[in-house]
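Visitor: One structure follows; several queries about it will come next.
The values are calculated or read from the model by the stated rules, or taken from the named source; none is laboratory data. What you see is a predicted model; the values in this text were computed from it and never measured. Because the Cβ atoms are built from the backbone with ideal geometry, glycine has one as well, and the counts that use them run over all protein chains shown.
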Amino acid sequence: MHEGTWIHYLVGGAGAPLVLVHGLGGGAANWRLVAPALAAGRRVVVPELPGHGGSAPLGGAGSLDPFAEAVLAVAEAEGALPAPWVGHSLGGLVALRAAALRPEAVTGVVLAAAAGITSASRIGRVTVTLIGIARPGKLLGRRRRTVSRSRAGRTLAFGWWGVADPAGLHPEMAEAFLAGPTRHTDTLTAGKALVVSDPRRDLHRVTCPVLCLWGANDNWVPLADGIEYARRLRAPLRTIADCGHLLIGERPEAVVRAVSEFLSSLSP
């Protein structure tokens, strides 16, 4: 629980801690092909952001700081601080906020297709708000088993925005991505907080090592955003060929490899 808000999270593995943070409209299941591999050598904490999955809403949040504080509280309760964080999409921005708020608690950040730059544009604000209101994923989620096992269904669900090859996306991973929206209670608050946040103002407060990890064919959060993050943070940028925005599900082996190498580079 964080300030009266129940946060659902998963923990697995043993060793040095690692925190994984999903994106807007996602859930813990988004990491199903990444978390087990990383948990082979680490204690992995996978929270669900407020309003997502099994976590209670966080009403009235006007910024992403309360979301970062909620994840920090979970990690602290689990004795998983300090630790490196891996954040996908919105989760990357939440990880940056945590690193800025509590530099001693976050020892490294992997920005996996992190949101925050393009999403602050006018079209980004409109898109995120409309999705938060209409919640198209909820309708598809109710039929997730049928949709995920159909090439046409995966193309409809993940089309140009999510993965480079929706027909080739593993059906179980497609079902995992579609499961979250059926349980969400409030993604609009997080979406509104996302689009009013411009992470570039506070990147100078992020003092830990950072890796920018992007799908080369990301049509949702363009590679140009990754380049700008890398430039401003003086961080390396690593791209995954033939991969879209949902890289943690489309190319999990490449993500695990990149994250593992980054973790090995951090000071003990």
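Visitor: Has the range 137-145 got any residue that is at pLDDT 85 or above and assigned to a helix (DSSP H, G or I)? Steps first, answer last, please.
Guide: We begin by selecting, within the range 137-145, every residue at pLDDT 85 or above; these are none.
No, there is no match, as no residue in the range 137-145 is at pLDDT 85 or above and assigned to a helix (DSSP H, G or I).
Visitor: Residues being charged (D, E, K, R), surrounded by fewer than 18 Cβ atoms within 10 Å (Cβ to Cβ) and in contact with a helix residue (DSSP H, G or I) (Cβ under 7 Å, 6 or more places away or on another chain): count how many of those fall in the range 213-237.
Guide: Looking only at that region, the number is 1.
Visitor: With surrounded by fewer than 24 Cβ atoms within 10 Å (Cβ to Cβ) and touching a strand residue (DSSP E or B) at 6+ places or on another chain (Cβ under 8 Å) as the only criterion, which of Ala73, Ala98 stands out?
Guide: Details: Ala98 fails: surrounded by fewer than 24 Cβ atoms within 10 Å (Cβ to Cβ).
None of the other options fit; the residue is Ala73.
Visitor: Scan (1) outside any helix (DSSP H, G or I); (2) at pLDDT 95 or above for the single condition Gly60 breaks and write down its number.
Guide: All conditions pass for Gly60, except number (2).
Visitor: Answer yes or no as to whether Gly13 is crowded, with 17+ Cβ neighbours inside 10 Å and within 21 Å of Leu96 (Cβ to Cβ). Walk me through it before giving the result.
Guide: Numbers: crowded, with 17+ Cβ neighbours inside 10 Å: yes; within 21 Å of Leu96 (Cβ to Cβ): no.
Considered against the rule, which asks whether it is crowded, with 17+ Cβ neighbours inside 10 Å and within 21 Å of Leu96 (Cβ to Cβ), Gly13 comes out as no.
Visitor: Is the range 155-170 home to any residue that is more than 19 Å from Leu24 (Cβ to Cβ) and within 15 Å of the chain's Cα centre (by Cα)?
Guide: Scanning the range 155-170, I find no residue that is more than 19 Å from Leu24 (Cβ to Cβ) and within 15 Å of the chain's Cα centre (by Cα), so the answer is no.
Visitor: Going residue by residue through the range 181-194, is there one that turns out to be more than 17 Å from Gly108 (Cβ to Cβ), at pLDDT 90 or above and in contact with a Lys or Arg (Cβ under 6 Å, 6 or more places away or on another chain)?
Guide: No, the range 181-194 has no match at all.
Visitor: OK, next. Which condition does Arg201 not pass, out of (1) within 20 Å of Ala29 (Cβ to Cβ); (2) free of Cβ contacts under 8 Å to residues at least 24 places away in the same chain; (3) not small (Gly, Ala, Ser), if it passes all the others?
Guide: Just one mismatch for Arg201, condition (1).
Visitor: If you go through the range 78-94 one residue at a time, do you hit one that is surrounded by fewer than 24 Cβ atoms within 10 Å (Cβ to Cβ) and within 23 Å of Thr182 (Cβ to Cβ)?
Guide: No, that holds for no residue.
Visitor: Also, I was wondering about something else. From the list Gly41, Gly51, exactly one residue is modelled with pLDDT under 95, surrounded by 18 or more Cβ atoms within 10 Å (Cβ to Cβ) and assigned to a loop (DSSP other than H, G, I, E, B). Which is it? Steps first, answer last, please.
Guide: Numbers: Gly41 fails: surrounded by 18 or more Cβ atoms within 10 Å (Cβ to Cβ).
None of the others qualify; the one that does is Gly51.
Visitor: Against the conditions (1) more than 14 Å from Ser260 (Cα to Cα); (2) surrounded by fewer than 19 Cβ atoms within 10 Å (Cβ to Cβ), where does Val46 fall short? Just the number, please.
Guide: For Val46, the exception is condition (2).
Visitor: Restricting to the range 205-247, name every residue that is β-branched (Val, Ile, Thr) and either outside any helix (DSSP H, G or I) or under 27 Å from Glu104 (Cβ atoms) (or both). Working first, answer last.
Guide: If we filter the range 205-247 for residues that are β-branched (Val, Ile, Thr), which is where we start, we get 206-207, 210, 221, 227, 239-240.
Those that are β-branched (Val, Ile, Thr) and either outside any helix (DSSP H, G or I) or under 27 Å from Glu104 (Cβ atoms) (or both): Val206, Thr207, Val210, Val221, Thr239, Ile240.
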